[in-house]
Amino acid sequence: MAELFRNAWQLGWLRFTASGKLPAVLLAALLFLFLGGGWKRQKAFFWYTALSALFCIVPVTAIFLMLYQTRFYDYEWIWSMVPMTAAAAWGATQLLEPEREDAPLSGMRKRLPLALLLLAALALCGGPWRSGVDRKAERDKRQKAEKVLSLIAESGDEDICLWAPREILEYARQGASPLRLLYGRNMWEEALGAYSYDVYPAQMEELYLWMENVQQTEDVAQDGEGRLADGPDCLRAAVREGADHILLPGRLDAETVEDLAAPLGFRVARLDDYYLLRK
Amino acid sequence: MLIVLVLCLLAASWVTGSGILCILYGKKGREAFFCADALLTGWAAVVGAAETAHILSLFGHLSLRVCVLLFSGLMIFLVLAMAAAGAVLWRKGAMPKRERQEGSCDVRAAAFLVPIALILLQAAFFLDVGGAYLKGDMTLETVVSFLDTDGIYQVNPLTGAPYEAGIPSRLKILCLPTFYSILCRIFSLKPQEVVWRAIPCVTLACSCGAYYCVGKTLFPESRKRQICFLTAAALLVWAGSCAPGMDGFGVLYGGWRGVTVRNMALVPYLVSLCLRRKWKPVFLCIAAEACLAWTLYGAGVCVFVAAGLWLSRYVCDRLEARAEGGRQNG
């Protein structure tokens, strides 16, 4: 019960309102419609929106809504049941285009500054600049990864099973000729775990931690959690799991890479900013 | 070819939807609907056709190639049948007179440019940013794996290895990855082009249609207020692009996702239907959601919204009737 309450309040409502203020815009619109009498135009719509918003905010009712929508979804998706955009737009229209010609805010002279003020307030409530999505960085990452993946695909080998740093694996199954991978995005994106009953063996997670640690620190003798991990053993384990193409960061010492490849009988080739080890 | 795909989907949806509304309501009833109603009703029918082809292929262990043929056959039948039904039923009566609304044509046309410009900016935004936010979504990988294996859920889309324990049934029955794979095959487009560019355009068009219906329902007497409503809605979509889960974020960063189609097209359309007391197409919306997004055995957001609006309307009508009765007695 405590966990449900935490999901509905701390990880739910508080986090939902931290990044944007649209729920506040909705509540302001509903208040305006109520006080201005505009709600009488569509009473059923008004009361449904008001009550559903209230149910989403109050933790007890929010818990029931979250259970109804199933644990597949997080808190923010219960707001799908609230017609936020439609109701807020209704309120804005009632304010800017009042029904009566003799209403206090009728006339272009009053409406234009009001419209600009509302626009400024809306911009403060949210926008793409607050989404945290860096389009350029994402595009650059993708292009770099696609370049490396196309070089691997051009190697002429068939039925490749790739083990590589996360920044490459993230895009390896999105191109027209997808490669088989040792593990996919669900290794580091927990939400994707809900799409399948398959789970990775514990050893796979160790391989992931080792590879990410090598990518960040160039230390082949440890995994990311400070445990001693024999580099050659990790590679042997990966090969046992089916990997036949291994990509290592290009910043590693060439001799270190040769020492890793030798026990497996793999060849080493330079591929852009990486070393490619393959049979 | 991208534009052809988008136009074909919209046209097929509109023709199918017009026929369905004529069948459900007859010619007289059809006049009570807007053009956008036909688009959205038809879109729900297209999703239904995709779902039928998907289920038959999934449980019949058919290849994607056969699934494409199934879907194409269903769509051709649906479009032709609904077009014929619509034409026959429409011919049975005289053309209706359209009521003139306030304001001159030129002013109304010019005012419409504002929301249209905002919507075109949204389209330009996601055409540029396509695929920038993929957290929690694996639609593209799924489509790619369907095309690569010429089958449905043959391998785990994230690794390319065969499934060991399988996937939840409630996920398996959702038709969107199959639908997108079919479109890739029919129009010979890359998966990224269909998933990240074409489908968000269709979602945006359906969303515009849905909010147009809401605007016309809330303000039937004034075109100026409808335009103001559409402009406000378009601006709120921009403002809502700040966080996942918000309407605007879905449209601008994930227009291909089932939850986005539900939130931005089905739910607002459902709201307008409930407010107009047009209950038959409501069931189409509920069924469409069950095909697009994970629901509690079919009971999703659309069921909740429809039930909530129905209950709200029922209570308001009863209270009004009681107040009216009290006034008459007084």
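The values are calculated or read from the model by the stated rules, or taken from the named source; none is laboratory data. Remember, it's a predicted structure, so these values are computed and weren't measured experimentally. Note that we place each Cβ from the backbone using ideal geometry, even for glycine, and neighbour counts take in every protein chain shown. Ligands, DNA and RNA are excluded from the accessible area calculation, which covers all protein heavy atoms including side chains. Shrake-Rupley method; radii C 1.70, N 1.55, O 1.52, S 1.80 Å.
At-a-glance table
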quantity	calculated
Condition met for B:PHE71 (open to solvent by 20 Å² or more (accessible area, probe 1.4 Å) and aromatic (Phe, Trp, Tyr))	no
Selection within the range A:89-100 - assigned to a helix (DSSP H, G or I) and either more than 7 Å from every other protein chain (Cβ to nearest Cβ) or over 23 Å from B:ALA210 (Cβ atoms) (or both)	A:GLY91, A:GLN94, A:LEU95
Selection count where residues are closer than 18 Å to B:GLN122 by Cα, of a type outside the set (Ser, Thr, Tyr) and surrounded by 16 or more Cβ atoms within 10 Å (Cβ to Cβ), scope the range A:126-155	6
Residue list for the range A:249-262, restricted to those being under 20 Å from A:GLU167 (Cα atoms) and free of Cβ contacts under 8 Å to residues at least 40 places away in the same chain	A:GLY250, A:ARG251, A:LEU252, A:VAL257
Residue in the range A:12-20 that is assigned to a helix (DSSP H, G or I), facing another protein chain (nearest Cβ under 7 Å), without any contact (Cβ under 8 Å) to a residue 24 or more places away in the chain and touching a Lys or Arg at 6+ places or on another chain (Cβ under 9 Å) present	no
Any hit, the range A:205-228, residues being within 19 Å of B:VAL144 (Cβ to Cβ) and of a type outside the set (S, T, N, Q)	no
Selection count where residues are in a helix (DSSP H, G or I) and surrounded by fewer than 18 Cβ atoms within 10 Å (Cβ to Cβ), scope the range B:148-159	1
Output for the range A:63-76, where each listed residue is open to solvent by less than 40 Å² (accessible area, probe 1.4 Å), part of a helix (DSSP H, G or I) and within 11 Å of chain B (Cβ to nearest Cβ)	A:LEU65, A:TYR75, A:GLU76
Pairs with Cβ under 6 Å, 6+ apart, first in the range B:219-243 and under 15 Å from B:THR260 (Cβ atoms), second outside any helix (DSSP H, G or I)	B:GLY240/B:MET246; B:SER241/A:SER131; B:ALA243/A:GLY20
Matching residues, the range B:144-160, being more than 7 Å from every other protein chain (Cβ to nearest Cβ), under 28 Å from the mean Cα position of the chain (by Cα) and among the β-branched types (Val, Ile, Thr)	B:ILE152
Enumerated strands (runs of 3 or more DSSP E) restricted to the range A:188-279, each holding at least 1 residues that are touching a Lys or Arg at 6+ places or on another chain (Cβ under 8 Å) and either open to solvent by 30 Å² or more (accessible area, probe 1.4 Å) or farther than 22 Å from A:ALA172 by Cα (or both)	A:267-271, A:274-278
Count of the range A:134-166 residues which are out of contact with any Leu (no Cβ under 8 Å at 6 or more places or on another chain) and modelled with pLDDT of 80 or more	18
Selection status of A:LEU26, more than 9 Å from chain B (Cβ to nearest Cβ) and open to solvent by less than 10 Å² (accessible area, probe 1.4 Å)	yes
Any chance B:TYR253 is crowded, with 23+ Cβ neighbours inside 10 Å, at the interface with chain A (Cβ under 8 Å from one of its Cβ atoms) and within 30 Å of A:TYR197 (Cβ to Cβ)	yes
Residue list for the range A:220-242, filter: more than 14 Å from chain B (Cβ to nearest Cβ), over 19 Å from A:TYR275 (Cα atoms) and modelled with pLDDT of 80 or more	A:ARG240
Criterion (assigned to a helix (DSSP H, G or I) and open to solvent by less than 20 Å² (accessible area, probe 1.4 Å)) met by exactly one of B:ALA49, B:ALA85	B:ALA49
Matching option when the condition is surrounded by fewer than 24 Cβ atoms within 10 Å (Cβ to Cβ), in contact (Cβ under 8 Å) with a residue 60 or more places away in the chain, of a type in the set (Gly, Ala, Ser) and at negative phi, among B:ALA293, B:ALA287	B:ALA287
Close pairs (6 angstrom Cβ cut-off, 6 or more residues apart or separate chains): open to solvent by 20 Å² or more (accessible area, probe 1.4 Å) in the range B:122-141, among the charged types (D, E, K, R) anywhere	B:LEU127/B:ARG197
Residue within the range B:296-312 that is over 26 Å from A:ALA24 (Cα atoms), within 7 Å of another protein chain (Cβ to nearest Cβ) and open to solvent by 10 Å² or more (accessible area, probe 1.4 Å) present	yes
Qualifying positions in the range A:70-82 - of a type outside the set (D, E, K, R), without any contact (Cβ under 8 Å) to a residue 12 or more places away in the chain and over 16 Å from B:GLY240 (Cα atoms)	A:THR70, A:TYR73
Test for B:LEU56: is it open to solvent by 30 Å² or more (accessible area, probe 1.4 Å) and modelled with pLDDT of 85 or more	yes
A:TRP47 vs. criteria facing chain B (nearest Cβ under 7 Å), among the hydrophobic types (A, V, I, L, M, F, W, C) and open to solvent by less than 60 Å² (accessible area, probe 1.4 Å)	no
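Yes/no matrix, rows are residues, columns are (1) of a type in the set (Asp, Glu); (2) part of a helix (DSSP H, G or I); (3) within 11 Å of chain A (Cβ to nearest Cβ):
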{"residue": "B:VAL214", "(1), (2), (3)": "no, yes, yes"}
{"residue": "B:THR217", "(1), (2), (3)": "no, yes, yes"}
{"residue": "B:ALA233", "(1), (2), (3)": "no, yes, yes"}
{"residue": "B:ARG277", "(1), (2), (3)": "no, no, yes"}
{"residue": "B:ALA287", "(1), (2), (3)": "no, yes, no"}
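Yes/no matrix, rows are residues, columns are (1) open to solvent by less than 70 Å² (accessible area, probe 1.4 Å); (2) assigned to a loop (DSSP other than H, G, I, E, B); (3) at pLDDT 80 or above:
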| site | (1), (2), (3) |
| --- | --- |
| A:ARG41 | yes, no, yes |
| A:PHE55 | no, no, yes |
| A:THR61 | yes, no, yes |
| A:ILE78 | yes, no, yes |
| A:ALA87 | yes, no, yes |
| A:ASP102 | no, yes, no |
| A:ARG109 | no, no, no |
| A:LEU112 | no, no, no |
| A:LEU122 | yes, no, yes |
